[in-house]
Structure formats: C-alpha cells, structure tokens
Amino acid sequence: MLAAEELEAGEVLCTVPRSALLSQHTCSIQALLREGQEALQSQSGWVPLLLALLHEYTASNSPWQPYFSLWQNFRSLDHPMFWPKEERTRLLQGTGIPEAVDKDLANIHLEYSSIILPFMESHPNIFDPKRHTLELYKELVAFVMAYSFQEPLEEEDEDEKGPNPPMMVPVADILNHVANHNANLEYSPQCLRMVTTQPVTKGQEIFNTYGQMANWQLLHMYGFAEPYPGNTNDTADIQMVTVRKAALQRARSEAQQQLVSEQWDFLCQLEMVGEEGAFVLGWDEVLTEEELFVTLKVLCMSEEEFKEYKEQDGWEDDSEEEENTVLSNESLSRLKTPCKKLLYDSVLLTLESYGSDLKAEQDLLNNKEIYEKLSRREQQALHVRYGQKRILHQLLELVH
C-alpha cells in the first residue's frame, strides 16, 4: 500500500467493518463449528478457522471468493515449510527455523488426521477429503500464518482466557511489515481501523507491524526477512543446553562434571532452564536476563557456594550485583570473569552450529553482483543468518 498523498500521524487509512472479517464466527458454517467446538480444540487453536477456510475457499458461492481471488494460489507462499528438507537444513541450519518447521509439520499432520478428518467424515454433505486434502490444509495453515490477525485481549481477560483465535482481515492484510512501521491496526466494537503512527510522504510505502519479530520468526511465519540493519527487533538464541555443554567441557575432573550436572538439575527445578529452552539476545540487551544471569552464576559456583545456595532454595541476600539483573550490553561486560568465560564459550559453540561463518556472509552481502544471483530463498536465509551472527559476534566482543 502506497500513500497517494501526504499523511499526518493518526489518519485513518481504511475501516473494515466486523461483518467483513472472515472468521469461525462469520463464515457460512459458523453454527456447525459452534456445535462441534469441543471436538475441535487443538494445541494451535486454529482448527475452527481452518475448517471455515477449507469450506469457503472451495465453495463457489462463497461471499469471500473475491477476497480469495487476490491469491492465484497459496503455493506462492514461500514459507520454509514448503522448501525441500535438504534446502531448509542447508540454508537455515543453526537459525532455529528447521526445528520450528519440523514441529509445525508434525502438528499439522496430527491435527489433520485426528481432528479435521473425523469432523469432515461426520459432515459429508459439506466436506470431501478428496477435495479438502492435507496438502490444501497445509497451504491454508501458511495462509493463516502469513495473513491472519489476532485481536489482543482486554487487560482484565489476559489471565483468565487463552488468546483470541485468528481471523482474516481483508484490506488490512495487504500491508507489509517492517520494524520501523508507520501504521498499525486498531480494534473497536464495530470495526477495525488501520491508522498512521507517524507522518507519511506521498509515494512512500505504508507498513504495518506484525509485532516485535526477529528475522527467524518473520521467515518462519511470513516467508520473508528484513535486510540488515533494518530489523531493530532481531534476536539470536543460545540454546540453554549449549551453556550446559560449555560448562561440562570446562570441567576438568569427574567431580566437577558431577557438580555441573547437579547445578543444572537445580536450575531445572528453579525453572530457569529446560532442555528445549533458549536464552534470547537482542541488539542492546539480553531478553531472558534473569534466566541467563542466574544460570551463569550457578554454573560458575564452587561446591561450597552451591551447597549454601541450595540450602537457601536459590534465594540470596540482595548484594549489590543482584540489584541490577538487566543484562544490558554494558552490564554484560561487567560480569565476573568465570561467567564471562562461560558465556564466551557458549557463544563460540553456538556459532559452530551454523554452516558458514560471518565473513562469508559479509562477502555475499557486500558483492551486489553475487548477491543478486542468489535465489530468493538464499537471500532471505542470508538475512536471518547474518543478523543472528552479528548479535553473537557483538556479544563475543563484550565478554572477551
């Protein structure tokens, strides 16, 4: 969407009445979905919308046909889940995306076979598994990932209710995303409004925000990434188990290795770490600051210090170092030497998980001729890897 004239901040770009939204509550099978809601519960919470889309997309008399006709087909969505596994691994190893895609695909197969198929079979007058296939279901999942909106909960509902189910918002979903956006979507009881958040000059593109998204999340969910240095919300992960691995490698004796294992188990009890978790690093600070701070501190304790710490159940007297656990870049450089060393080793192990180094990425980005010969997938993957590695290298310098 481009601005046809100059715009002030706070101008309404478009208004979408709630009756035009496509959701489980507005589709032509809404009563059926309401009746079956118990059987349609799933981990994602997307099943009712996906059934609505399966039906409306293939019903020739659907009022949403003009909306669907904006997409020639959903195969043009180039999410990593549609890439061959070999290409996904080769281009995205180390970024966290291949693991996320494997989980998605497993969930899609499970939802389709255990929820969607039985529901379709019990309503043969509306659904036909030969037409409403797993392949189409997968494409519609990508469509929901890339184009749906989730209405934020009212503050008083945040604790009681799970998140609102996704819905399709025609017109609003035309806008692209950048971190430094100039518009966002506002919700009211009658309608949704796309409103400018800063002045926009004539001819400038109008960008919405999909939330504070790192490049790996953008590529995984939406099929694109922001070139460096555009994405100020970019992050890099250090897998929690990588820090354990670095601590074990450092342990000289069996007794020390045993101590590290006990410290890790205690951190698990405190719910600071888990086998699947990651420490998240932004450009300016650690986003999982408490978890990383406590993990480094505990894994660097002597046997005596750890024994005392355990007796206090992980509580300590507030010493001066405790007061400020915001791990900004500046405070990272003030960590105690053993903690710095452990973090440094963990970053090195993380960098080893990629298939290439930062210099190789830098050379590709600096050489316009070579960069333009890369496929779109190679370019997007490069932006994801490069941003993550820049953040990790920045951390290496801080704790060196």
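At-a-glance table
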read-out	value
Members of region 205-223 found to be touching a Leu at 6+ places or on another chain (Cβ under 7 Å) and surrounded by fewer than 18 Cβ atoms within 10 Å (Cβ to Cβ), listed by number	205
In region 49-74, the residues that are open to solvent by less than 60 Å² (accessible area, probe 1.4 Å), small (Gly, Ala, Ser) and more than 27 Å from the chain's Cα centre (by Cα)	59, 62
Inter-residue pairs, beta-carbon under 7 Å, first open to solvent by 30 Å² or more (accessible area, probe 1.4 Å) and in region 323-342, second modelled with pLDDT of 85 or more and small (Gly, Ala, Ser), 6+ apart	324/331
Residue 176 vs. criteria of a type outside the set (A, V, I, L, M, F, W, C), touching a Phe, Trp or Tyr at 6+ places or on another chain (Cβ under 8 Å) and open to solvent by less than 30 Å² (accessible area, probe 1.4 Å)	no
Qualifying position, being touching a strand residue (DSSP E or B) at 6+ places or on another chain (Cβ under 7 Å) and either outside the structural domain of residue 147 (by the TED database) or loosely packed, with under 14 Cβ neighbours inside 10 Å (or both), among 16, 12	12
Residue 281 being open to solvent by less than 80 Å² (accessible area, probe 1.4 Å), in the same structural domain as residue 141 (by the TED database) and either under 30 Å from residue 143 (Cα atoms) or modelled with pLDDT of 95 or more (or both)	no
Test: residue 46 is more than 30 Å from residue 348 (Cβ to Cβ), in the same structural domain as residue 143 (by the TED database) and either exposed (fewer than 14 other Cβ atoms within 10 Å of the Cβ) or within 19 Å of the chain's Cα centre (by Cα) (or both)	yes
Residue in region 183-200 that is buried (at least 19 other Cβ atoms within 10 Å of the Cβ), at pLDDT 95 or above and touching a Pro at 6+ places or on another chain (Cβ under 7 Å) present	no
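The values are calculated or read from the model by the stated rules, or taken from the named source; none is laboratory data. Since the model is a prediction, treat every value here as computed from it, not as a measurement. Cβ sites come from the backbone with ideal geometry, for glycine too, and all protein chains shown count toward neighbours. SASA here: full protein model, heavy atoms, side chains in, ligands and nucleic acids out. Shrake-Rupley method; radii C 1.70, N 1.55, O 1.52, S 1.80 Å.
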